[in-house]
Amino acid sequence: MQYIVDINVLLHEPAVLKNPSYNFILLPTLFREMEKLEQRKGDYRLQMSIRDAKRMIESVKNNNNITFITQDPSDKVDFIASSIGKDYDADYADNLYLSYAVFYNNNTPTGIVTNDILLSHKAKSLGITSIKSDDISKNSHLYSGVYVFNYDKTLDEHNEIYSNIYKYLKTDEQYNPFDLFENEYLEVISDGGVIDSFKCKNGKYVKTKYLTMENDYDDDIAPANERQQMAFDLMLDQDVPVKCLLGTFGVGKDYTIINYALQVQKLEDKQIIWIGNPVITRGTQEIGFLPGTQDEKLKGSYMVLADVIGDEGMLDYLIMNEKIKIEYVGNLRSRTFNDATIIVGEAQNYTIEQLQLIISRVGINSELILNGDIIQSDIDYSGLPRFINSLKKNKLYGQVTLTDVERSEVAKLSLEI
């Protein structure tokens, strides 16, 4: 079986090309689409995705399971008409993907790998197998918590879906055209930018709310971008007691989580439990056994609290008065945390056994919040992917992957290295 690769797969999960169990076909139309998207110079996130896709293509270009088609048929209109019908527009990339699949399928079983639900439905109507990138990468794929709808206003099908979403907002009827999980977010992108966002609740979509947070140590905290708006919405959703924020450095994971925990403490007087795990960071020297008390040993992992609060002395005061409690993951057995906001920082550095232990300690009127970046894992067997993929369908779990770096322009340069 061989699979034609859609552009959205290459941009959102290029690592699927590394799976040697699948044979992939990369079409000329895919590269033309990528060239068009490169013109959107102001879309930093898109340019990063294109760069990652190019690097992946370069790294697998000589693999036996990758086939490059270098030139389209001389008459694309005739090619599409003879493959899927004369009523299909020859300038629309999806129609070329479908036409190639039908053409090759006559001799070799050929399908399409796409995360585009409309292209998937069209393929199936033509008898073409359609799979998602998740079907290929399985355990290696990390659920993002956010489904991206690239809304093309020139397509009737897209317009119908978008208008129906708003139509069903006003009713109690279920409408879930993208088969989202409970608490999964929908990000609508059009003309190079985010124009809308929703969350799946009880089989239908609800608008993501623009919310702020407050605490005693700063002015009201507002989301800096669309994904942070989703993260604020998730944090403040009291129906979801297990929450996770993912993303690279500087996207606001700790900032959002800690400010939320401080607001909950102010309003409900809940204790903040910070769970630490003092692993050695890759690329640094071994420093031997750390001296001092448990808090001193874990200090490197929880100093981010001082960064958000703004004062190390204030952090020490809160710890001394047990408003914030620092716990070592190795000492959690037989413990139960009631009336608490439990935070797990750098969750990619925990094994699945440690994460199972942590979630089993969540008591009455408590919630568990994790943040992590699997790319920055300092251990060989991170339990975070399994933890996420096990819980993503559960209504008690919610997740947002943050994408926009909100630190300095200098900090962003590390993404170019």
query = How do the pairs read when you match residues in segment 1-14 that are of a type in the set (Phe, Trp, Tyr) with residues anywhere that are open to solvent by less than 20 Å² (accessible area, probe 1.4 Å), using Cβ under 8 Å and keeping only pairs 6 or more apart or on different chains?
reply = Tyr3/Phe24; Tyr3/Ile25; Tyr3/Thr110; Tyr3/Gly111; Tyr3/Ile112; Tyr3/Val113
key: Residue satisfying all of: in segment 296-314; aliphatic (A, V, I, L, M) and either farther than 20 Å from Thr341 by Cα or surrounded by 13 or more Cβ atoms within 10 Å (Cβ to Cβ) (or both); modelled with the lowest pLDDT among these   = Leu298
Total residues in segment 339-355, condition at pLDDT below 95, more than 21 Å from the chain's Cα centre (by Cα) and either surrounded by 15 or more Cβ atoms within 10 Å (Cβ to Cβ) or closer than 12 Å to Ile275 by Cα (or both) = 1
request  = Look at segment 209-260 and say how many of its residues are small (Gly, Ala, Ser), surrounded by 19 or more Cβ atoms within 10 Å (Cβ to Cβ) and at pLDDT below 95.
outcome  = 2
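Looking only at segment 144-160, filter to residues that are open to solvent by less than 20 Å² (accessible area, probe 1.4 Å) and hydrophobic (A, V, I, L, M, F, W, C); which one of those is modelled with the lowest pLDDT? Break it down stepwise before answering.
Looking only at segment 144-160, we keep the residues that are open to solvent by less than 20 Å² (accessible area, probe 1.4 Å), and these are 145-146, 149, 158.
Subsequent filtering for residues that are hydrophobic (A, V, I, L, M, F, W, C) retains 146, 149.
Values: Val146: 94, Phe149: 89.
My answer is Phe149.
Kindly indicate which of Tyr88, Tyr100 is in a helix (DSSP H, G or I) and out of contact with any Gly (no Cβ under 6 Å at 6 or more places or on another chain).
Numbers: Tyr88 fails: in a helix (DSSP H, G or I).
Tyr100 is the lone residue from the list that is in a helix (DSSP H, G or I) and out of contact with any Gly (no Cβ under 6 Å at 6 or more places or on another chain).
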request  = Kindly check whether there is at least one residue in segment 28-48 that is within 24 Å of the chain's Cα centre (by Cα), over 18 Å from Asn115 (Cβ atoms) and of a type in the set (Gly, Ala, Ser).
outcome  = yes
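In segment 170-205, how many residues are open to solvent by 50 Å² or more (accessible area, probe 1.4 Å) and either more than 23 Å from Asp134 (Cβ to Cβ) or not acidic (Asp, Glu) (or both)?
So the first thing to find is which residues in segment 170-205 are open to solvent by 50 Å² or more (accessible area, probe 1.4 Å), and the list is 170, 172-174, 179, 181, 191, 195, 202.
Filter again for either more than 23 Å from Asp134 (Cβ to Cβ) or not acidic (Asp, Glu) (or both), leaving 170, 172-174, 181, 191, 195, 202.
Counting residues in segment 170-205 that are open to solvent by 50 Å² or more (accessible area, probe 1.4 Å) and either more than 23 Å from Asp134 (Cβ to Cβ) or not acidic (Asp, Glu) (or both) gives 8.
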key: Odd one out for Asn64, checked against (1) surrounded by fewer than 16 Cβ atoms within 10 Å (Cβ to Cβ); (2) in a helix (DSSP H, G or I); (3) modelled with pLDDT of 85 or more   = (2)
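Just to check your reading of the model, which residue among Glu187, Glu214 is closer than 30 Å to Leu318 by Cβ and in a strand (DSSP E or B)? Reasoning before the result, please.
Details: Glu187 fails: closer than 30 Å to Leu318 by Cβ.
Result of the check over Glu187, Glu214: Glu214.
Among the residues of segment 313-344, write down those that are part of a strand (DSSP E or B) and under 29 Å from Gly250 (Cα atoms). Lay out the reasoning, then the answer.
Narrowing segment 313-344 to residues part of a strand (DSSP E or B): 324-328, 337, 340-344.
Result: Ile324, Lys325, Ile326, Glu327, Tyr328, Ala340, Thr341, Ile342, Ile343, Val344.
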Count of residues meeting criterion [more than 13 Å from the chain's Cα centre (by Cα), within 12 Å of Gly372 (Cβ to Cβ) and assigned to a helix (DSSP H, G or I)] in segment 232-259 = 2
query = Would it be correct to say that Ser49 is closer than 26 Å to Leu402 by Cβ, open to solvent by less than 80 Å² (accessible area, probe 1.4 Å) and touching a residue at least 12 places away in the same chain (Cβ under 8 Å)?
reply = yes
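Just name the residue that is nearest to Glu268 (Cα to Cα) out of those in segment 345-380 that are assigned to a loop (DSSP other than H, G, I, E, B) and among the β-branched types (Val, Ile, Thr).
Keep residues of segment 345-380 that are assigned to a loop (DSSP other than H, G, I, E, B), which gives 345-346, 350-351, 360-361, 363-366, 373, 377-380.
Cutting the leftovers down to among the β-branched types (Val, Ile, Thr) gives us 351, 364, 379.
Numbers: Thr351: 32, Ile364: 14, Ile379: 36 Å.
Here the residue is Ile364.
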ask   = From the list Asn159, Asn215, Asn176, Asn164, which residue is in contact with a Leu (Cβ under 9 Å, 6 or more places away or on another chain) and among the polar types (S, T, N, Q)?
value = Asn215
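Within segment 109-143, work out how many residues are in a loop (DSSP other than H, G, I, E, B), under 30 Å from Cys244 (Cβ atoms) and modelled with pLDDT under 90. Lay out the reasoning, then the answer.
Within segment 109-143, the subset in a loop (DSSP other than H, G, I, E, B) is 109, 114-116, 126-129, 132, 141-143.
Pick out the ones that are also under 30 Å from Cys244 (Cβ atoms) and you get 114-116, 132, 141-143.
Still in the list and also modelled with pLDDT under 90: 115-116, 132, 141-143.
Count: 6.
The values are calculated or read from the model by the stated rules, or taken from the named source; none is laboratory data. Computed from a predicted structure; not experimentally measured. Glycine also receives a Cβ, built like all others from the backbone with ideal geometry; neighbour counts cover every protein chain displayed. Each accessible area value is taken on the protein alone, full model and side chains, heavy atoms only, with ligands, DNA and RNA left out. Shrake-Rupley method; radii C 1.70, N 1.55, O 1.52, S 1.80 Å.
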